[in-house]
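Heads up, the thing below is written out as structure tokens.
The values are calculated or read from the model by the stated rules, or taken from the named source; none is laboratory data. Since we're looking at a predicted model, the values are computed, not measured. For neighbour counting, all protein chains shown are included, and Cβ atoms are generated from backbone atoms with ideal geometry for every residue, glycine included. For the accessible areas, the whole protein counts, side chains as well, though only heavy atoms, and no ligand, DNA or RNA atoms are used. Shrake-Rupley method; radii C 1.70, N 1.55, O 1.52, S 1.80 Å.
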Amino acid sequence: MVLKQKEMEAITDLQTQEKSCVEKYRRYKEQAKDPELKALFGKIEQEEQKHYDTLGRVLNGDVPSCDCNDSSGRDYEPKATYDALSQNEDKKSDDFLVTDCIGTEKMVSSEYNTNVFKFANTALRKLLADIQIEEQNHAEMLYKYKTANGMA
């Protein structure tokens, strides 16, 4: 598949967002205090890397098939580390990291929602819509973590 200039620019911009997400989750995984949160950040980091790699394939003319995974957010059940009433520094720090990541996921999901309309290719539109769903799953998992740990 050959992309038009505006399509290449859109994919490149999305890939830049994904690279930033990979770096953010890597750094936040190192900063998180709770092992459950470290694991969640590590999982999302791997998924963001997959998004980055997938967009690289698109830039090289390949549109990979997608699995339309819409269950990882629904099925995620975090173990609580912090109780609802505690306000220690570790909890406050982890709460900040999670809240920041939810904001990032909202922004990235919105970028996919806007950019999907720049493409005529059905398979590519489906792929971008699938990645958007995965970004929404990330936000759902992060919110469930917050809820389980008395942060929401």
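So which of Thr114, Thr81, Thr99 ends up being farther than 30 Å from Gly61 by Cα, among the hydroxyl-bearing types (Ser, Thr, Tyr) and within 21 Å of the chain's Cα centre (by Cα)?
Numbers: Thr114 fails: farther than 30 Å from Gly61 by Cα; Thr81 fails: within 21 Å of the chain's Cα centre (by Cα).
Only one candidate qualifies: Thr99.
Given (1) open to solvent by 20 Å² or more (accessible area, probe 1.4 Å); (2) of a type outside the set (A, V, I, L, M, F, W, C); (3) closer than 19 Å to Gln49 by Cα, where does Thr147 come up short, assuming only one miss?
Against the list (1) open to solvent by 20 Å² or more (accessible area, probe 1.4 Å); (2) of a type outside the set (A, V, I, L, M, F, W, C); (3) closer than 19 Å to Gln49 by Cα, Thr147 comes up short only on (3).
Inside region 1-42, can you point out the residues that are surrounded by 15 or more Cβ atoms within 10 Å (Cβ to Cβ), in contact (Cβ under 8 Å) with a residue 40 or more places away in the chain and within 27 Å of Asp90 (Cα to Cα)?
Cys21, Lys24, Tyr25, Tyr28, Ala32, Lys33, Asp34, Glu36, Leu37, Leu40, Phe41 - these are the residues of region 1-42 that are surrounded by 15 or more Cβ atoms within 10 Å (Cβ to Cβ), in contact (Cβ under 8 Å) with a residue 40 or more places away in the chain and within 27 Å of Asp90 (Cα to Cα).
Search region 79-95 for residues that are touching a residue at least 40 places away in the same chain (Cβ under 8 Å) and within 10 Å of Leu37 (Cα to Cα) and pair each with any residue that is in a loop (DSSP other than H, G, I, E, B) and open to solvent by 70 Å² or more (accessible area, probe 1.4 Å) when their beta-carbon atoms are under 9 Å apart and the residues are at least 6 apart or on different chains.
These pairs meet every condition: Thr81/Lys33; Asp94/Lys33; Asp94/Thr81.
Here are some conditions: (1) without any contact (Cβ under 8 Å) to a residue 24 or more places away in the chain; (2) under 27 Å from Lys144 (Cα atoms); (3) in contact with a Pro (Cβ under 9 Å, 6 or more places away or on another chain). Gln46 meets all but one. Which one does it not meet?
(3)
Can you give me the number of residues within region 1-39 that are closer than 15 Å to Leu97 by Cβ and either touching a helix residue (DSSP H, G or I) at 6+ places or on another chain (Cβ under 6 Å) or at pLDDT below 95 (or both)?
10
Go through region 111-126 and report how many residues are over 16 Å from Gln17 (Cα atoms) and assigned to a helix (DSSP H, G or I).
Here is the first cut: in region 111-126, the ones over 16 Å from Gln17 (Cα atoms) are 117-126.
Now drop any that are not assigned to a helix (DSSP H, G or I), which leaves 117-118, 122-126.
Within region 111-126, residues that are over 16 Å from Gln17 (Cα atoms) and assigned to a helix (DSSP H, G or I) number 7.
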